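The values are calculated or read from the model by the stated rules, or taken from the named source; none is laboratory data. Just so you know, these numbers come straight off a predicted model, no measurement behind them. Don't worry about glycine lacking a Cβ; one is built from the backbone with ideal geometry, like all the others, and counts go over all protein chains shown.
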Amino acid sequence: MLTFDRVTVAQGAFRLTADWSVPNGARVAVIGPSGAGKSTLLMAAAGFLVPVAGRILWQGQDLGPLSPGDRPVSILFQDQNLFPHLTLAQNLGLGLSPRLRLTPGDALRIEAALDRVGLAGMGGRRPADLSGGQQGRAALARALLRARPMLLLDEPFAALGPAMKADMLGLVDEIAAETGALVLIVTHDPADARTFAGQVVFVDAGQAAAPVPTETLFSDPSPGVQAYLRKD
Amino acid sequence: MARGAGALTRAGVGVALVLAALTLGTLAVVGLRAESAGFGPADVAALRFTVAQAAVSAALSVGLAVPVARALARRRFPGRRLVIGLMGVPFLLPVLVAVLGLLAVFGRGGILNAALAELGWPPVSIYGFSGVVLAHVFLNLPFAVRMILSGWQDIPAERFRLAAALGLGPVQVFRHLEWPMLREVLPGAGMVVFLICLTSFAVALTLGGGPGATTLELAIYQALLFDFDLGRAATLAAVQFGLCAVTVAVLSRLVVPSGFGAGLDRVPVRWDTRGAGLRLWDMMVIATAALFLLVPLVLVVRAGVPGLAGLPASVWSAAARSVAVALAATALAVPAALLLALAIHRGRGARWLEAAGMLPLAASSLVLGTGLFLVIHPVVAPERVALPVTALVNAAMALPFALRLILPPLRGIEAAYGRLADALGLAGWARLRWLVLPRLRPVLGLAAGVVAALSMGDLGAIALFAGQDRATLPMAVQQLMGAYRMDQAAAAALLLVLLSFGLFWLFDRGAARADI
């Protein structure tokens, strides 16, 4: 269970509060107007922003003392998810060992992970040789290898076309199912939430509301959600 | 994030401490050994001359660089990249070679005086104040051009488009776009040149001298070599240090544009400068600047080629020593600069670490050398360690330039990929190995090339202490000049140029081309 325990995160004058929990293995979409703090919520969970108040807990353990790399978290950013100077195999290898000390067994796992996301045999290529969709797949393959119990996605597929994005969300769904991971995905497209997520966190006016079932959110929207859906 | 990063940061702090010991520590050692601390009228004259020539050199270099940079910024023509490349040459050119080239043009037997004699006009003299300033302008004008040009290219092309849409002419474009940029960039560029000229040694040694044209660094040399007057040397060095420290402090508050690196080859489309008169003016400015730089260089090469094969063995062994010293200085300075940059980037005490990285700019390499020799003297005969000491001094003196080159791209790498590296737990050595080094490689190559070339051309500490049998190549050139064996001096100077730029090219291209 991921718990935001009366958390306040500050970025300059901006404040974001959250006070709720989601169970293991849940699929949660984070939606809301631009600039409302959707990414801020993910950055706090990933350890890039330190809360000014409250605690973030995983299975009851305070994540505060852990640096980003040590948290039970894999994260995909909006961009820069792969090192351009390393091959795909090396980029994936960093998910297994930050020092890139890989055993022959690791090499097999990397090849299998590439195969799993449809990039079989492309381990020797550099990110620049790949399309945007393929780069997203490679980053997901690394998350598969890391097999952390939380997968945070900060609009990583926003630049892809609709069909490609649907493919990628399908892949995320499969990978999360295989690793049993809790998924938090930031999106500006309510349709993503409908197709992918069982629950939705609505972020607005400095507050990340407690997750509600996706159907409830859309069938019985609060005034804030109504305003957001109309504007977008 | 902290795993292994601690050791690297500690090493960076260690570099800062070594730099402080090398600069401030050696000054203290020399000062403590002093019996008196005289600062006579001759020293006051040296101080006055130093400041005056540096101020005039900086004003002329930057003032003349503006039209050249403007012409290069708004004209596209075949060979433009070559001209911009040429502007990068004098900064790395061994100072003695520049002096030889200028003598060939403006010296007593130079082509200018030959032409004046034909016309029946009196000859001009390159020695004294005007000669020192001429050499400094020759060495620094191109560097100023590159700094100002990079300022020009930081003006977004969209601004020029907007200016054209509003129908602004060249005068209005200058007023609204170019002047605000210049007002920001010129003070920094001028102060950099001023600082470089403050500690000038080889130019003053060859073209200055005498009561009227002695810089502080030259006065230190004379106090040490002729009088072995440590007190005077220490006092002079302290004055020079104070002067440079104030300059560096002022400089740290100014915008200092980069004179190196990529991005200088873009030309935004301009609509305001299409007039034929402006075009003619720009091409004349560029041609004049190119000739001013090229003619002395060509004359050095022409004078040097015939004697190259017949150079005495002593010159070749001096060349070998210089290359060894340059490689050692590079091996010291580049890793040290990288460690210091990493520690600065981590943020704790960054201001102090960065200041330590700038210290050598304020130091006298002669005092640095003298201090080291005083420390070493009781342990081992100074001549025997002349070359290692020179390598260390050269590494320290070139480190600020390497640091300036490394720090901005390091910050760029961390800004772009730091988060991803953190998310994957890449810290310490692993981060260095898999993120920083591969992405920084071209810049490290450039920095290594700059350090090697600067060390090759330096006629500093070694001039004081090494005997004939430990001379470096610049020293051999200077000795040949002093003995008026100008043909051999020219040949040795050509060898010096070839080796300096050869090393620069090897490091710079080697790092850029190698597959990552």
Point to revise | Qualifying positions in region A:108-123 - surrounded by fewer than 17 Cβ atoms within 10 Å (Cβ to Cβ) and either more than 25 Å from the chain's Cα centre (by Cα) or assigned to a loop (DSSP other than H, G, I, E, B) (or both) | key: A:LEU108, A:GLY118, A:ALA120, A:GLY121
Exercise for review: Search region A:154-171 for residues being in contact (Cβ under 8 Å) with a residue 60 or more places away in the chain and in contact with a Phe, Trp or Tyr (Cβ under 9 Å, 6 or more places away or on another chain), and hand back the single one that is nearest to A:ILE75 (Cα to Cα).
Suggested key: A:ASP154
Study note, to complete from the structure: A:PRO51 vs (1) part of a loop (DSSP other than H, G, I, E, B); (2) at the interface with chain B (Cβ under 10 Å from one of its Cβ atoms); (3) surrounded by 20 or more Cβ atoms within 10 Å (Cβ to Cβ); (4) not hydrophobic (A, V, I, L, M, F, W, C): all pass except (2)
Exercise for review: Evaluate the following for A:GLY95: is it outside the structural domain of A:VAL200 (by TED's automatic domain parsing), modelled with pLDDT under 95 and farther than 22 Å from B:ALA416 by Cα?
Suggested key: no
Practice item. Check A:PRO156 against each of (1) within 14 Å of the chain's Cα centre (by Cα); (2) buried (at least 16 other Cβ atoms within 10 Å of the Cβ); (3) modelled with pLDDT of 90 or more and name the one condition it does not meet. Key: (3)
Revision key, fill the gap. Within region B:481-506, the count of residues that are without any contact (Cβ under 8 Å) to a residue 24 or more places away in the chain and under 29 Å from B:ALA448 (Cβ atoms) comes to 2
Review point. Does region B:195-206 include one or more residues that are farther than 30 Å from B:VAL477 by Cβ and among the hydroxyl-bearing types (Ser, Thr, Tyr)?
Key: no
Practice item. Provide a single number: the residues in region B:428-438 that are within 7 Å of chain A (Cβ to nearest Cβ) and either hydrophobic (A, V, I, L, M, F, W, C) or surrounded by 21 or more Cβ atoms within 10 Å (Cβ to Cβ) (or both). Key: 3
Review point. Just checking, which of A:LEU94, A:LEU100, A:LEU66, A:LEU57 is facing chain B (nearest Cβ under 9 Å), surrounded by fewer than 20 Cβ atoms within 10 Å (Cβ to Cβ) and either part of a helix (DSSP H, G or I) or among the hydrophobic types (A, V, I, L, M, F, W, C) (or both)?
Key: A:LEU100
Review point. Tell me, which residue of region A:30-48 that is within 20 Å of A:ALA210 (Cα to Cα) and assigned to a loop (DSSP other than H, G, I, E, B) is farthest from the other protein chains (Cβ to nearest Cβ)?
Key: A:PRO33
**Study point:** Residue check for B:ALA73: in the same structural domain as B:GLY231 (by TED's automatic domain parsing), buried (at least 18 other Cβ atoms within 10 Å of the Cβ) and at pLDDT below 90
**Key:** yes
Point to revise | Among (1) assigned to a helix (DSSP H, G or I); (2) in contact (Cβ under 8 Å) with a residue 12 or more places away in the chain; (3) surrounded by fewer than 22 Cβ atoms within 10 Å (Cβ to Cβ), the one test that B:ILE155 misses | key: (1)
Study note, to complete from the structure: Over region B:106-116, the set of residues surrounded by fewer than 20 Cβ atoms within 10 Å (Cβ to Cβ) and assigned to a helix (DSSP H, G or I) is B:ILE111, B:LEU112, B:ASN113, B:ALA114, B:ALA115, B:LEU116
Point to revise | Selection status of B:VAL95, within 16 Å of the chain's Cα centre (by Cα) and touching a residue at least 60 places away in the same chain (Cβ under 8 Å) | key: yes
Review point. In region B:391-408, is there at least one residue being farther than 30 Å from B:ARG321 by Cβ and more than 14 Å from every other protein chain (Cβ to nearest Cβ)?
Key: yes
Point to revise | Residue count for region B:117-141, restricted to those that are without any contact (Cβ under 8 Å) to a residue 40 or more places away in the chain and not in a helix (DSSP H, G or I) | key: 6
Check your understanding: Among the residues of region A:177-225, which ones are surrounded by fewer than 20 Cβ atoms within 10 Å (Cβ to Cβ), hydroxyl-bearing (Ser, Thr, Tyr) and not in a helix (DSSP H, G or I)?
Key -> A:SER222
Review point. Somewhere in region A:122-130, is a residue more than 30 Å from A:SER21 (Cα to Cα), modelled with pLDDT under 90 and out of contact with any Phe, Trp or Tyr (no Cβ under 8 Å at 6 or more places or on another chain)?
Key: no
Check your understanding: (1) surrounded by fewer than 18 Cβ atoms within 10 Å (Cβ to Cβ); (2) farther than 29 Å from A:ASP204 by Cβ: which one isn't true of A:ASP79, the others all being true?
Key -> (2)
Review point. If B:TYR417 satisfies every condition in (1) farther than 30 Å from B:VAL89 by Cβ; (2) more than 7 Å from chain A (Cβ to nearest Cβ); (3) of a type in the set (Ser, Thr, Tyr) but one, which is the exception?
Key: (2)
Exercise for review: Select from region B:405-432 the residues that are closer than 17 Å to B:GLY347 by Cα and without any contact (Cβ under 8 Å) to a residue 60 or more places away in the chain and write down the one among them that is farthest from the chain's Cα centre (by Cα).
Suggested key: B:ARG419
Review point. Would it be correct to say that A:ARG126 is among the basic types (Lys, Arg), more than 29 Å from A:SER219 (Cβ to Cβ) and surrounded by fewer than 23 Cβ atoms within 10 Å (Cβ to Cβ)?
Key: yes
Exercise for review: Among residues belonging to region A:69-81 that are touching a residue at least 60 places away in the same chain (Cβ under 8 Å) and at the interface with chain B (Cβ under 8 Å from one of its Cβ atoms), point out the one that is farthest from the chain's Cα centre (by Cα).
Suggested key: A:ASN81
